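To start, the structure under review is shown below, and the notes come after it.
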Amino acid sequence: MNLEIGTTTCGFTVERIEEIAEFEGTAYLMRHAQSGARLMYLACDDENKAFAITFKTPPADSTGVFHILEHSVLCGSKKFPVKEPFVNLLKSSMQTFLNAMTFPDKTMYPVASTNEQDLINLMDVYMDAVMNPQIYEKEAIFSQEGWHFEMESPTDDLRLNGVVFNEMKGALSDPDSVLYNTLCTALFPNSAYSFESGGDPQEIPHLTYEHYLDTHRRHYRFDNSYLFLYGDIEVERELAFLDENYLSATPQGTMQVAPQDTETAEVAPQGQPRETECEPSNNASNSASNSAPNPLVLQEPLIAADLVHEMQTAPENACLGIAYVVGTVYEREKIIALDILMDALMGSNEAPLKRALLDSNIADDVHAYLVEEQLQPIVVLQAKGTAPHSLETFQTVIDTTIAKLCADGIPKDRLKASLSRAEFVIRERDFGMADGVVLGVQAMTGWLYDDDLACAYLRYEDAFATLRAGLDSGYFEQLLTEVIVQSVHKARVEIKPIDVRESQWDAKNLAALQASLDDARVAEIVQNTQTLHLAQEQPDSPAALATLPKLTLEDIHDMRPDPAYELLDTTPLPCLYHDIPTRDINYVYHYFNLGHLEFEDLPYVGVLVRLLGALDTAEHTAEELDTLITTYLGSLRFFTEIYGDETDPSILVPKFTVSASSLAKNTEYLATLPAEIWSSTSFDDTDKIKDILQQTRIALEQGFVNSGHSIALSRAASYYSKAALLREQIGGIDFYYFLKTLLDDFDERAQDLKVRLQSICTRLFVVDGTVVSFTGSAAQRDNFWEIGKTLRLAPTGAPTSAPTSAPTSAPTSAPAPAPSDSRLVVPDPSPRNEAFIVPSDICFVAKSYDRRLFGIPYSGIWQLASRVLSLDYLWNECRVKGGAYGAGFKADRSGALQFYSYRDPNLDATLARFDATASWLSTQDIDAEEMLGYIISSVAGYDTPKKPREIARRQDAEFFGKLDADWMKKARSEVLQARPEDIKNLAEIFERLAAQDVRCVFGNRTIIEEASTAFEIIDLLG
């Protein structure tokens, strides 16, 4: 197809073409004449294709209306009148990414797939969802996804429920989130950024249905939209589809308005705001006074008075922050430079500003971050675990340290290191999700505010060249002076914990509200509750389901085999070699045998993984080492993992793993720096060790509130699994208890800690039982071993437990689970039911068991069962009806059968739903079409393209777990051949699972204490 500037295809006129060398692609910028929609097509050789539609949605209040709309539009549309088309797509498409995201000033709906027909199907459903949602005909969608009062009968207690309401109760239980929101309110009082775009639970119940509809009508329109296509596609096909089905059809909700109604406030070419009138928009009525979208204006500079925000949370969650507005989105080079500058000053404990703040002893941890995805980016400096009235001291240390750095110069080696790390990360392009989705988000970082910035945030080469030159010219010192020292736009906030266990919408206030209701209002709430539940129970009709686009088995291609790997015995240590193209990056994983240690050593291993790389070695100070790592390695991590057997839970293969990566030109450091660290780290600096352990405690405590479902699942597994019990000692709740005790008596235990850590290193980092995994070219592999040799590992004198064999495409003989001198004896687990109270307004609920203890083999059918239960039964019961933000079921080869929910207002009801799974399954008759959808979506999970690192790690796991070479192909085949009765027949296993009294909960005190389910209740932070 001829895409030249000025040509028009399918209603789209090409306005600009830009080559994007950074990802070997071309950007075509187009506009659709009839609708006014903008479109960017990023053409490149990537089979993982992507599409997105984005709307500019700056909020005018904190009711979370745009977040609720993000959820709501995916609950059925004119063309696809099913209750949950989003879920139906998860069930039946080959998507590699499918979600929606609410940002502070935009709402984005991205999808990705390796199949072009599937991508068009996804586009069709998403386009109709955003432009023609059922929200105008079904008020129940607003009630379900947003908020509603509910009472089952006039004698029931009044309750507040809603998916977004409960999600944000969980999100705003995090002091970090509350601090950030308070800073934004102070910095941007006249801007959309003063509001919580996700919704404040105190404000969400003030949102009316009428305003919700008006907000959609004013914002979800093509002249306020940004369309995005990416990858190796027949673009004319997609353009024609969009034009014929949507853009030229003028669907409901599309309006044309004068351009000035939708434009961002004027910004000078150099990025400096011109004088502009910034009027506050403090309520919905201000923004709804006309038909235009909400305005997005520049906030004039100000210095906000110190704010103290009281929050119900644990005393140790006290925190404070200082935020600086650093310019505008127009200054791309400056934004990249600030990211590098903040890393150089605050990126590690040895960075100069962070070290000064830690040495001041005003906080347990400090860090900095840059927020760039908004019109006026900001830098935040934050302290956690602070004493009262520390804000002024925090500011003084910052000012004094920065003044010295500006006068004497920022250490060039640190700036160079941070610049090198930033380049590595951006070039590696290992985003953790489909590349097209990430690049779409990056494009919107500039495009949302100015069409001329559409490609600005996809580029970085010129900026890096300028910044490298700036290392010797005072560029970064000048930037630091401008952004921090001379700032005229900043705010300071302190979060003060208070012991008040009630919020505006707690049981006490709801009881008072209920007492004020007359009989008619009570009857109305009861009727609305019953109506909503009836709507939630009503299944989609066959006619409605038939409207959804579908793939067939013919759309599934043959499985692409992984590149071969081999076990080498010609290298100084046994080496798993993965010959995979890596864009000139080498990846190395060193696997050490934890079997050399004793069970009592394991909490100290949990300490060790957090200390290595952060302390002095025999050859370098911690500061020097930190600079070397950042300069020459792309990553360096120390962690533990336990491999097992898919049939025998008694077999454990525990590993202490050291992972590292580097550009090929830095192989020398890849081969020597990790070895230097594990062979010669000094544990003498107890002050730095204490800093790190305090930071670890804070991170764990934040995880209890933000990722409670993952921690609850891990804890529940420790009640029956030796592997999970081992993990608990190294990084779970047991480790947290150990860590708190260690910190309480740190001065008395410091010497013993040093001795224990040195002893562990002596026993752990030895040749015996060690296997190294290398991914990269054969030449780089040989170079690595020539430099590294035996990696400074001490021989033990014992015969190596690593096997030797001829190279093979899939090694199947692994080292023995433990060497002959193994000391690690894991005790038998003890059944428990624990409920941990943490400062949160919601709960995380887990129940699990191990299928291997039932003697049940693994099959690909479990993949299907996980999708059926997560996307049908649990979605409807826990999320739609129960109001939880999410719930699911997982089954994997390791034996786990796991139920979980997160940001859940319920406890008893959720556990009852878990236990009712067998009953639900036994009554289900999955028809052939629905089964086909589950099969296709499950197969797509096996076929999703993987990055080189992911492939190597999966093959390493196969090796240590003794999996057959074709295990994945076999499981995929089992999925393809599955029948509905295969899933239904699992009901008996779920009956056995329900009978296992294994539960764990993290969450709100009141919910836990009032539950009828029997628990051992533990105040975790008390």
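The values are calculated or read from the model by the stated rules, or taken from the named source; none is laboratory data. The shown structure was predicted, so the numbers you read here are calculated from the model rather than taken from an experiment. Don't worry about glycine lacking a Cβ; one is built from the backbone with ideal geometry, like all the others, and counts go over all protein chains shown. In case anyone asks, the SASA skips ligands and DNA or RNA and just uses the protein heavy atoms, side chains included. Shrake-Rupley method; radii C 1.70, N 1.55, O 1.52, S 1.80 Å.
Taking the Cβ of His533 as the centre, find all other residues whose Cβ is under 10 Å away and add up their charges (Lys, Arg: +1; Asp, Glu: -1).
-2
Using only the Cα atoms, what convex hull volume per residue in Å³ does region 39-100 have?
Values: hull volume 8.2 nm³, N = 62.
Cα-based convex hull of region 39-100, divided per residue, equals 133 Å³.
Stretch Asp745-Glu461 to full length: gain in nm at 0.36 nm per residue minus the Cα-Cα span?
Between Asp745 and Glu461, full extension yields 97.2 nm more.
For the chain, what does the accessible surface come to per residue with a 1.4 Å probe? Please give it in Å².
Value for the chain: 37 Å² per residue.
Take the alpha carbon atoms of region 130-232, find their radius of gyration, then divide it by 2.2 N^0.38 Å using N residues; give the quotient. Could you put the intermediate results ahead of the total?
Working: Rg = 17.1 Å, N = 103, 2.2 N^0.38 = 12.8 Å.
That works out to 1.34 for region 130-232.
State the extension gain, in nm to one decimal, for the chain segment bounded by Ser922 and Ser248, taking 0.36 nm per residue of separation less the distance between their alpha-carbons.
Stretched fully, the Ser922-Ser248 segment lengthens by 237.9 nm.
Taking the Cβ of Glu423 as the centre, find all other residues whose Cβ is under 10 Å away and add up their charges (Lys, Arg: +1; Asp, Glu: -1).
So the environment of Glu423 carries a net charge of +1.
Roll a 1.4 Å probe over the protein heavy atoms and report the accessible area of Leu74 in Å², nearest 10.
10
Tell me, what is the 1.4 Å probe accessible area of Asp45, in Å² to the nearest 10?
In the full protein context, Asp45 sits at about 140 Å².
Above 19 angstrom, tally the Cα pairs of region 395-519 and express them as a % of all pairs, no decimals.
72
Taking every pair of alpha-carbon atoms in region 1-155, give the share separated by more than 23 Å as a whole percent.
The proportion of pairs with Cα distances above 23 Å equals 49 percent.
Tell me the label only: which of [x] 50.6; [y] 39.1; [z] 53.7 is mean projected area of the Cα convex hull in nm² as calculated from this structure?
Calculated mean projected area of the Cα convex hull in nm²: the matching label is [y].
Using only alpha carbon pairs under 8 Å that are at least six residues apart, calculate the relative contact order of region 485-603 and give it in whole percent.
Details: 22 pairs, mean separation 10.7, N = 119.
Reported relative contact order: 9 percent.
Can you tally the net charge around Ala463? Count Lys and Arg as +1, Asp and Glu as -1, for every other residue whose Cβ sits under 11 Å from the Cβ of Ala463.
Value of the local net charge: -3.
Could you pull the Cα extents of region 590-706 along its three principal axes, largest to smallest, in whole Å?
Largest to smallest, the principal-axis extents are 45, 34, 30 Å.
Stretch Glu392-Lys78 to full length: gain in nm at 0.36 nm per residue minus the Cα-Cα span?
107.3 nm
Modelled label-to-label distance, Thr1013 and Thr155, 7 Å Cα→beta-carbon offset: nm?
2.7
Distance between Cα centroids, region 78-127 to region 700-715: provide it in whole Å.
Value for the Cα centre distance between the two parts: 29 Å.
Distance check, please: which entries in Lys655/Lys722; Lys354/Lys688; Lys79/Lys138; Lys334/Lys354; Lys49/Lys946; Lys690/Lys740 exceed 18 angstrom between their Cα atoms?
Too far apart for the 18 Å limit: Lys334/Lys354.
State, as an integer percentage, the relative contact order of the chain based on alpha-carbon contacts under 8 Å between residues 6 or more apart.
Reported relative contact order: 14 percent.
For region 464-588, take the convex hull of the Cα atoms, compute a quarter of its surface area, and give me that in nm², please.
Working: hull surface 97.4 nm².
Mean orientational projected area (region 464-588, Cα hull): 24.4 nm².
So what is log10(I(q)/I(0)) for region 923-970 at q = 0.15, 0.17 1/Å, when the Debye sum runs over its Cα atoms only?
Relative scattering, expressed as log10 I(q)/I(0), comes to -0.58, -0.67.
Once you mark the GluC sites (Glu not before Pro) that are in a DSSP loop and have at most 15 other Cβ atoms within 10 Å, what is the longest gap between them in the chain?
620-1009
Would you tell me the accessible area of Tyr849, worked out with a 1.4 angstrom probe on the heavy atoms of the protein chains, in Å² to the nearest 10?
Counting only protein heavy atoms, Tyr849 exposes about 40 Å² to solvent.
In whole percent, and with a 1.4 Å probe on the protein chains, what portion of the accessible area of the chain is carbon and sulfur?
The C+S portion of the solvent-accessible surface of the chain is 49 percent.
Starting from the 7 Å offset along Cα-to-Cβ, what nm value, one decimal, do you get for the label separation of Leu517 and Arg217?
That separation, rounded to one decimal, is 2.9 nm.
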